[in-house]
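Quick notes on the structure that follows.
The values are calculated or read from the model by the stated rules, or taken from the named source; none is laboratory data. Keep in mind that this is a model prediction, so the values were computed, not measured. Quick reminder, even Gly has a Cβ in these numbers, built from the backbone with ideal geometry, and neighbours come from all protein chains shown.
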Amino acid sequence: MKEEIPFFRHDLGKPELDAIAKVFAGEILTTGKEVADFEVRFADYLNQQHCLGVTSCTGALHLALLALGIGPGDEVITTPATFVATSLAILETGARPVFVDVEPDTGNIDASRVDKAITKKTKAILPVHLYGLMADMKALRDIADKHSLSIVEDAAHCIEGEREGVRPGQLSAAACFSFYATKNITCGEGGALVTKDSLLNEKLRLMRLHGIDKPAGDRHDGEFQHWDMKTFGWKYNMDNIQAAILIPQLSRMESNLQRRQHLAQVYFEKLEEIPGIQFLSTRPETHHARHLFPIRVEAGRRDLVLHALKKYGISAMVNYRAVTLLKYFRETFGYEPGMFPIAEALGNEVLSLPFYPSMPEENVDVVAKSLRRILS
């Protein structure tokens, strides 16, 4: 059957096209005024000192870890219940990801298990705010302080999140964000990093673009200025086209969040009485970013439900299978089924339903009725 209800649909339109046209009319397509403007606005939204626009959340994580001195021989504690990029950013530094199982009701890293995973090689903790719910950053900060560890947050799902008065980046060295095609704000690909540490920000700005001290926009603003390569760097700089697409969306973030919160509540009401469906939990004093709407389907039926929804014209996704069960990690590190049972169970049972701000409310009803038929 033709797909009638997509998993996600962006809300990009005339404001973004006008912003792109303005960039096209100028001289600098790469990192320049629009990127700087986005960085100021994004940092302001998160009440942060500094923002760095980059090409992806993976790149942001990689740069943050490198800038904190993490490399070969080091260990970084993280979660197996995430997209593979979280772990790859650690591997790209030469360090090794050390996995800790997750909370059974949220899917977030279980802070009570972190202490036991710390060794002399541990240099950092990399939590993921899964689905838009912040991990227990206060508990993780206490552990990090006790063992003199850094924290870098994977906040790809959690721009709007808050927990116990804490927002992404406030209790860590850096928080990293994704602007991938299905994220709460998007430019197709792209990412950002925020930090309150001015020295770290200066280091990251050099590392973002080959280690050179003047991007093209600065070198050609007024009289020509020679540039210098001051450190080893990578090619992770955001360009003006990406930034131009993102800037108009910043003004819609709160209204889009309110719409997602409303759709989530409708989903809860429509699905709560359907046998075989469970919801993931939140936490007290939490402002959920509602990036995805996940449900749990009893073991052994999730994939059958996924395929059945497709026959009804409804697109759904799996977020995520446990990283430790992926072929590369099994073959490289010797992980086996059963080593992280909670993350593995979630990976076998969680299904993400269609969910985006412009989604008509009647589509929620269609999804709910289809699930009831499938599971009855």
task: Please list, ordered by first then second residue, the pairs with beta carbon atoms under 7 Å, 6 or more apart or interchain, first in the stretch 312-338 and within 30 Å of Lys369 (Cβ to Cβ), second among the basic types (Lys, Arg).
output: Gly313/Lys2
query: If you scan the stretch 109-121, which residues turn out to be out of contact with any His (no Cβ under 7 Å at 6 or more places or on another chain) and more than 17 Å from Val84 (Cβ to Cβ)?
result: Asp110, Ala111, Ser112, Arg113, Val114, Asp115, Lys116, Ala117, Thr119, Lys120, Lys121
statement: Here the qualifying pairs (Cβ atoms under 8 Å; residues six or more apart or on different chains; first in the stretch 57-72 and within 17 Å of Pro168 (Cβ to Cβ); second of a type in the set (Ser, Thr, Tyr) and assigned to a helix (DSSP H, G or I)) come out as Leu61/Thr86
message: If I filter the stretch 21-35 for residues that are under 16 Å from Cys176 (Cα atoms), assigned to a helix (DSSP H, G or I) and touching a strand residue (DSSP E or B) at 6+ places or on another chain (Cβ under 9 Å), do I get at least one hit?
response: no
- prompt: Of the conditions (1) touching a helix residue (DSSP H, G or I) at 6+ places or on another chain (Cβ under 7 Å); (2) among the polar types (S, T, N, Q); (3) closer than 28 Å to Arg252 by Cβ, Ser358 fails just one. Which one is it?
  reply: (1)
field: Boolean, Leu17 is of a type in the set (A, V, I, L, M, F, W, C) and not in a helix (DSSP H, G or I)
entry: no
statement: Those strands (runs of 3 or more DSSP E) completely within the stretch 68-156 that have 3 or more residues that are at negative phi and surrounded by 24 or more Cβ atoms within 10 Å (Cβ to Cβ) are 75-78, 122-126, 150-154
statement: Residues of the stretch 158-174 being in contact (Cβ under 8 Å) with a residue 60 or more places away in the chain and of a type in the set (A, V, I, L, M, F, W, C), in sequence order, are Cys158, Ile159, Ala173, Ala174
message: Just to be sure I understand, how many residues within the stretch 18-40 are within 27 Å of Met359 (Cα to Cα) and either among the charged types (D, E, K, R) or not assigned by TED's automatic domain parsing to the domain that holds Lys196 (or both)?
response: 1
- line: Only one of Lys214, Lys203 is among the charged types (D, E, K, R), touching a Ser or Thr at 6+ places or on another chain (Cβ under 8 Å) and surrounded by 14 or more Cβ atoms within 10 Å (Cβ to Cβ), namely Lys203
- prompt: What about Arg283, is it in contact with a Lys or Arg (Cβ under 8 Å, 6 or more places away or on another chain) and of a type in the set (D, E, K, R)?
  reply: yes
- line: Among Ile212, Ile247, the single one that is in contact with a Phe, Trp or Tyr (Cβ under 7 Å, 6 or more places away or on another chain), β-branched (Val, Ile, Thr) and modelled with pLDDT under 95 is Ile212
